Amino acid sequence: MTAKGSKPNNAVNSGTILERANEIFDAHLGMNKLRRTPERFAILKEVYECNHHFDIESLYKSMKSKKYRVSRATLYNTIDLLLECDLVRKHRFGEQQARYEKSLHHKQHDHIIRTDTGEVIEFCDPRIQSIKATLEEIFDLDISHHSLYFYATPKDKKTENV
Ligand SMILES: [Zn+2]
């Protein structure tokens, strides 16, 4: 671990976070005159109980194993709704399948992708927030999102020791 970077700390009370996420989702559905179906809230719960990055297929399998009857179409549709109200972040880690993670009260972090193994490492560096603040100041803009991925391979130990 570097001096500046750190691993994000996700140890927050998930009970209240899910309640807050439910409220935001409920308001979003209401505002867009969409039905508040139990399936949609079951998907939200599943997403917020998941502590890693997931793709739609793994979400589908996980819900199916818990005897939820949710179609893939409903999953895609609901994830789109969750993206619209910023309850979920979408990632492209250099693979075909998009992957997702919950975003509410999930500490701001970015990702390093190992191109040799596909492993995704999360890191948190306060300098990224400071770059954002500086850009907002210089360009007189509000930055709503950012996307930053580092692609990496292990260091070659032989050349390192020269
Ligand atoms: Zn992440």
Rounded to the angstrom and largest first, Cα extents along the principal axes for the range 12-106 equal 34, 29, 24
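Taking the Cα centre of the chain as the origin, how large is its charge dipole in debye, to the nearest 20, when only Lys and Arg (+1) and Asp and Glu (-1) carry charge on their Cβ atoms?
Working: 26 positive and 24 negative charges, 148 e Å.
Here the chain has a charge dipole of around 720 debye.
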Here the residues of the range 74-101 lying in the modelled label zone of Glu57, meaning backbone nitrogen under 20 Å from a point 7 Å along Cα-to-Cβ, are 74-80, 90-101
Sorted largest first, the Cα spans of the chain on the principal axes come out in Å as 63, 42, 29
Sorting Ala152, Tyr76, Gln96 by the position of each Cα along the dipole of the range 11-162 (Lys, Arg +1; Asp, Glu -1; all at Cβ), the one nearest the positive end of that ordering is Tyr76
Going through Lys45/Lys66; Lys107/Lys157; Lys107/Lys132; Lys102/Lys155 one by one, the pairs whose alpha carbons sit over 22 Å apart turn out to be Lys107/Lys157; Lys102/Lys155
The chain: relative contact order from alpha carbon pairs under 8 Å, six or more residues apart, as a whole percent, is 24 percent
If the chain between Thr37 and Glu84 were fully extended at 0.36 nm per residue, the gain over the current Cα-Cα distance would be 15.2 nm
In whole Hz, the Karplus estimates of ³J(HN,Hα) for the range 32-48 (6.51, -1.76, 1.60; θ = phi - 60°; x where Gly or Pro) are 9, 6, 9, 6, 8, 7, x, 4, 4, 6, 5, 5, 4, 4, 4, 4, 7
Checked the range 108-162 with the C-alpha gyration tensor, a ≥ b ≥ c its square-rooted eigenvalues, rounded below a/c of 1.5, otherwise prolate if a/b is larger than b/c and oblate if not; verdict prolate
So, with points 7 Å from each Cα along the Cβ direction, the Lys45-Ser65 label distance in nm works out to 1.8 nm
The distance between the Cα centres of the range 19-88 and the range 91-162, in whole Å, is 25 Å
To the nearest 0.05, the calculated FRET efficiency linking Arg72 and Ala27 through their beta-carbon distance, R0 being 30 Å, is 0.70
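A short reminder: the numbers here are calculations on the coordinates, not readings from a lab. These numbers come from a predicted model, not from an experiment. Positions of Cβ are backbone-derived with ideal geometry, glycine not excepted, and every protein chain shown enters the neighbour counts.
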